[in-house]
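Accompanying notes for the structure given below.
The values are calculated or read from the model by the stated rules, or taken from the named source; none is laboratory data. The structure displayed is predicted, hence computed values, not measured ones. When we count neighbours, we look across all protein chains shown, and the Cβ atoms used for this are built from the backbone with ideal geometry, even at glycine. These area figures cover heavy atoms from the full protein model, side chains too; ligands, DNA and RNA do not enter into them. Shrake-Rupley method; radii C 1.70, N 1.55, O 1.52, S 1.80 Å.
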Amino acid sequence: MKAFITGAGGFMGPHLARFLHEKGAEIMSTYYEPISDVKELKKLGKAIELDVRDKEKFKKLLKDYKPDQVYHLAAQSYPTVSWEKPNYTIQANVEGTINLFESLKELKMNPVVIVACSSAEYGFVKPEEIPIKEEHSLLPLHPYGVSKVGQDFLTYQYFKNFGMKGIRVRIFNTTGPGKVNDVCSDFTKQAVMIEKGLQKPIFKVGNLNAKRAITDVRDIINAFYLLAEKGTPGEVYNLCGEKAYLIKDMLDAKLVRPTDEPIIFGDSTKLKNSTGWKQSIPIDKTLRDMIEFWRKKL
């Protein structure tokens, strides 16, 4: 099996590349302004720089590689950055997705395409509407969320009009070793800095009243693979942990958005019924592994 991963230089990409390598897949990874170690990607297969806004290069890579599965992770993925760079966010996320499907269409190639969408598409949700189902209205609160709605609907459009095998995955809060700028990474990093004497024994916190259902990235990656093997093209699946935690129970990150959803918690029943996926990594293991990551990094 030949897998093509866009945005492999982000947080999820290296985890996905390792997972697929262990499954015996042949891998081509692309990256742009990576935050992870590209050298590690190159140990697992081909790794090439690609700005997904560059359609001609994108198309050539697909033509030469001829993948069986595409995992489209490439995106400007920070809501806070999307307020600072809304144009870039839309271009990278929406135009990049168009370039992927147009290239495949023009090449007459039809691999399974897993598109990493987001719970940010739902926006503000009332407590009585929790857990969120896939049919819930999409009313995003920031340019990032809007761009993810664009990716989501484009994937459906290319399936409906051209029969392209896109599968949409609305991913809820994800963390794990290598994550930065979220609740768990900020908490574990501060803990290690305090441990090493790099920070006074006081945690900096922000909004403590939000709730988040947090899923380990390794469970997320397993779901991607199961959807590529068993998911239904054209469908959308929520991918979320089973329990929502109050942030004050773990300590909060220092990041505050102009509009922050009070609770993010989705219903993953459809995913479970379709693939047999289940969350297997508990939050305490995730936090322990993140502590070890920061101990090595710092």
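Which condition number does Ser77 fail, the rest of (1) closer than 30 Å to Leu141 by Cα; (2) over 15 Å from the mean Cα position of the chain (by Cα); (3) open to solvent by 40 Å² or more (accessible area, probe 1.4 Å) being met?
All conditions are met except number (2).
Taking the condition at pLDDT below 95, of a type in the set (Asp, Glu), out of contact with any Ser or Thr (no Cβ under 9 Å at 6 or more places or on another chain) and open to solvent by 70 Å² or more (accessible area, probe 1.4 Å), does Asp284 pass? Spell out the reasoning first.
Numbers: at pLDDT below 95: yes; of a type in the set (Asp, Glu): yes; out of contact with any Ser or Thr (no Cβ under 9 Å at 6 or more places or on another chain): yes; open to solvent by 70 Å² or more (accessible area, probe 1.4 Å): yes.
Yes, satisfied.
If you take the residues of segment 139-164 that are of a type in the set (Phe, Trp, Tyr) and under 22 Å from Asn87 (Cβ atoms), which of them is most open to solvent (accessible area, probe 1.4 Å)?
Restricting attention to segment 139-164, the residues satisfying the condition of being of a type in the set (Phe, Trp, Tyr) are 144, 153, 156, 158-159, 162.
Okay, now just the ones that are also under 22 Å from Asn87 (Cβ atoms), so 144, 153.
Details: Tyr144: 24, Phe153: 110 Å².
Going through the qualifying residues, I end up with Phe153.
Tell me which residues, restricted to segment 145-173, are aliphatic (A, V, I, L, M) and either part of a helix (DSSP H, G or I) or touching a Pro at 6+ places or on another chain (Cβ under 9 Å) (or both). Break it down stepwise before answering.
From segment 145-173, those aliphatic (A, V, I, L, M) are 146, 149, 154, 164, 167, 169, 171; that's our starting set.
Answer for segment 145-173, where residues must be aliphatic (A, V, I, L, M) and either part of a helix (DSSP H, G or I) or touching a Pro at 6+ places or on another chain (Cβ under 9 Å) (or both): Val146, Val149, Leu154, Met164, Ile167.
Regarding Val94, is this residue closer than 23 Å to Ala228 by Cβ and outside any helix (DSSP H, G or I)?
On the way: closer than 23 Å to Ala228 by Cβ: yes; outside any helix (DSSP H, G or I): no.
Against the criterion (closer than 23 Å to Ala228 by Cβ and outside any helix (DSSP H, G or I)), Val94 does not qualify.
Determine, yes or no, whether Ala25 is buried (at least 24 other Cβ atoms within 10 Å of the Cβ) and within 19 Å of Arg218 (Cβ to Cβ). Outline the logic, then answer.
Working: buried (at least 24 other Cβ atoms within 10 Å of the Cβ): no; within 19 Å of Arg218 (Cβ to Cβ): yes.
In short, no.
Is there a residue being within 24 Å of Thr215 (Cα to Cα), modelled with pLDDT of 95 or more, open to solvent by 30 Å² or more (accessible area, probe 1.4 Å) and among the charged types (D, E, K, R) anywhere in segment 59-66?
Applying the first criterion (within 24 Å of Thr215 (Cα to Cα)) to segment 59-66 yields none.
No, that holds for no residue.
Looking only at segment 181-210, count how many residues are under 12 Å from Trp294 (Cα atoms), part of a loop (DSSP other than H, G, I, E, B) and open to solvent by less than 50 Å² (accessible area, probe 1.4 Å).
Looking only at segment 181-210, we keep the residues that are under 12 Å from Trp294 (Cα atoms), and these are 184-196.
Filter once more, keeping what is part of a loop (DSSP other than H, G, I, E, B): 196.
Now drop any that are not open to solvent by less than 50 Å² (accessible area, probe 1.4 Å), which leaves none.
Residues flagged as under 12 Å from Trp294 (Cα atoms), part of a loop (DSSP other than H, G, I, E, B) and open to solvent by less than 50 Å² (accessible area, probe 1.4 Å) within segment 181-210 amount to 0.
Checking Pro86 against (1) open to solvent by 40 Å² or more (accessible area, probe 1.4 Å); (2) touching a residue at least 40 places away in the same chain (Cβ under 8 Å); (3) under 28 Å from Ile283 (Cα atoms): exactly one of these is not met. Which one?
(3)
With respect to Val113, determine if the residue is without any contact (Cβ under 8 Å) to a residue 60 or more places away in the chain and either part of a strand (DSSP E or B) or among the aliphatic types (A, V, I, L, M) (or both). Even if it seems obvious, please write down each step before you answer.
Working: without any contact (Cβ under 8 Å) to a residue 60 or more places away in the chain: yes; either part of a strand (DSSP E or B) or among the aliphatic types (A, V, I, L, M) (or both): yes.
Yes: the conditions hold for Val113.
Sort through Phe153, Phe187, Phe224 and tell me the only one that's closer than 22 Å to Gly96 by Cβ and touching a residue at least 60 places away in the same chain (Cβ under 8 Å). Steps first, answer last, please.
Working: Phe153 fails: touching a residue at least 60 places away in the same chain (Cβ under 8 Å); Phe187 fails: closer than 22 Å to Gly96 by Cβ.
It is Phe224.
If you take the residues of segment 121-133 that are open to solvent by 10 Å² or more (accessible area, probe 1.4 Å) and either free of Cβ contacts under 8 Å to residues at least 60 places away in the same chain or in a helix (DSSP H, G or I) (or both), which of them is farthest from Ile90 (Cα to Cα)?
Of the residues in segment 121-133, the ones open to solvent by 10 Å² or more (accessible area, probe 1.4 Å) are 124, 126-131, 133.
Still in the running and either free of Cβ contacts under 8 Å to residues at least 60 places away in the same chain or in a helix (DSSP H, G or I) (or both): 126-129.
On the way: Lys126: 27, Pro127: 30, Glu128: 31, Glu129: 28 Å.
Step by step, filter segment 121-133, then rank; the result is Glu128.
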